[in-house]
Amino acid sequence: MKQQSEEAASRRKKTYDSYQAYVTAERKYLREPTPENWENKERAFEIFNRALLEQQNSSMH
């Protein structure tokens with residue numbers, strides 16, 4: 001049981017960290033709307049979405 005709660009906490013942290021990375025990338029894009037910053041923002045958003053889905057799927061089991 002303890003391992004499951006540690007895994008859940010790890011997934012929450014991964015989701016939170018990926019969200020922070022996305023927010024940072026989006027702010028950078030808003031300051032400097034270059035194609036490179038747009039790609040970084042989109043990639044960060046995909047990573048955040050994946051982490052969020054993993055967290056939601058694992059909490060259903």
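What follows draws every value from the coordinates through simple rules; no lab data is involved. Computed from a prediction, not measured in an experiment: that's the story for all the values here. In this analysis, Cβ positions are derived from the backbone assuming ideal geometry, glycine residues included, and neighbour counts consider all displayed protein chains.
Listing for the model above:
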{"read-out": "Residue match in the stretch 1-13 (condition: outside any helix (DSSP H, G or I) and hydrophobic (A, V, I, L, M, F, W, C))", "value": "yes"}
{"read-out": "Qualifying positions in the stretch 34-61 - under 21 Å from Ser5 (Cα atoms), more than 13 Å from the chain's Cα centre (by Cα) and part of a helix (DSSP H, G or I)", "value": "Asn57, Ser58, Ser59, Met60"}
{"read-out": "Condition check for Gln20: within 11 Å of the chain's Cα centre (by Cα) and not basic (Lys, Arg)", "value": "yes"}
{"read-out": "Residues of the stretch 10-22 satisfying the condition of being loosely packed, with under 13 Cβ neighbours inside 10 Å and under 17 Å from Phe45 (Cβ atoms)", "value": "Gln20"}
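Here is a yes/no grid of residues against (1) charged (D, E, K, R); (2) surrounded by fewer than 16 Cβ atoms within 10 Å (Cβ to Cβ); (3) without any contact (Cβ under 8 Å) to a residue 12 or more places away in the chain; (4) touching a Pro at 6+ places or on another chain (Cβ under 7 Å):
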| position | (1), (2), (3), (4) |
| --- | --- |
| Lys2 | yes, yes, yes, no |
| Ala8 | no, yes, no, no |
| Arg27 | yes, yes, yes, no |
| Asn37 | no, no, no, no |
| Asn40 | no, no, no, no |
| Glu46 | yes, yes, yes, no |
| Ala51 | no, no, no, no |
| Gln55 | no, no, no, no |
